[in-house]
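Right, one structure below, let's go through it.
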Amino acid sequence: MQTDLDASAAAPVWLRTRALNLAQRIWRPAGTAVAVALALLVTWHVIYGAHGLSVWFEKRAEDRSLQEQIKTVEQENSQMRLQIDRLKSDPDAIGREAREKLHYAKPGEVIYTLPDEPQSPQTQPGQPTHGPVK
């Protein structure tokens, strides 16, 4: 009777060992493949995802552009503040501005207004803009 118990207890241990070896041979490569696939997926998401590196580089370039625009606007603002201060304090600056912008003249001055863009040689006044009429 004792031998029957030993034989029945030995069979499940051998069967368990074989099942464990089979599971290790099948599941380890599959687990490795799943881990590699997850690592590749995470890498792709870090680079191309909604908040990935490509978006980060785009935002960084946009930030540089906006910083340059801010500097330009700040310089324009400081120049305009200087001009406002001059206009508030210097009567000659007010007169100069009135003559330039509003075309005012002092007594005895003559103002000549020139066109903004010079005409090209092909379209001078008095010349036809199309070919000879037949």
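In the list Ala105, Ala93, which residue meets the criterion of being among the aliphatic types (A, V, I, L, M) and assigned to a helix (DSSP H, G or I)? Lay out the reasoning, then the answer.
Numbers: Ala105 fails: assigned to a helix (DSSP H, G or I).
Going through Ala105, Ala93 in turn, just one is among the aliphatic types (A, V, I, L, M) and assigned to a helix (DSSP H, G or I): Ala93.
For a quick check of your reading of the model, give me the residue pairs whose first member lies in segment 34-47 and is part of a helix (DSSP H, G or I), whose second is surrounded by 10 or more Cβ atoms within 10 Å (Cβ to Cβ) and modelled with pLDDT under 95, with beta-carbon atoms closer than 7 Å and at least 6 apart or on different chains.
Every condition considered, the pairs that remain are His45/Gly52; Val46/Gly52; Val46/Leu53; Ile47/Leu53; Ile47/Ser54.
State yes or no: is Ile84 touching a Leu at 6+ places or on another chain (Cβ under 6 Å) and more than 30 Å from Thr43 (Cβ to Cβ)?
Working: touching a Leu at 6+ places or on another chain (Cβ under 6 Å): no; more than 30 Å from Thr43 (Cβ to Cβ): yes.
Spelling it out, it is not the case that Ile84 is touching a Leu at 6+ places or on another chain (Cβ under 6 Å) and more than 30 Å from Thr43 (Cβ to Cβ).
Which residue, of Arg86, Arg60, is touching a helix residue (DSSP H, G or I) at 6+ places or on another chain (Cβ under 8 Å) and assigned to a helix (DSSP H, G or I)? Give the derivation first.
Values: Arg60 fails: touching a helix residue (DSSP H, G or I) at 6+ places or on another chain (Cβ under 8 Å).
The match here is Arg86.
The values are calculated or read from the model by the stated rules, or taken from the named source; none is laboratory data. Because the structure is a prediction, the values reported are computed rather than measured. Neighbour counts run over all protein chains shown; Cβ positions are idealised from the backbone, glycine included.
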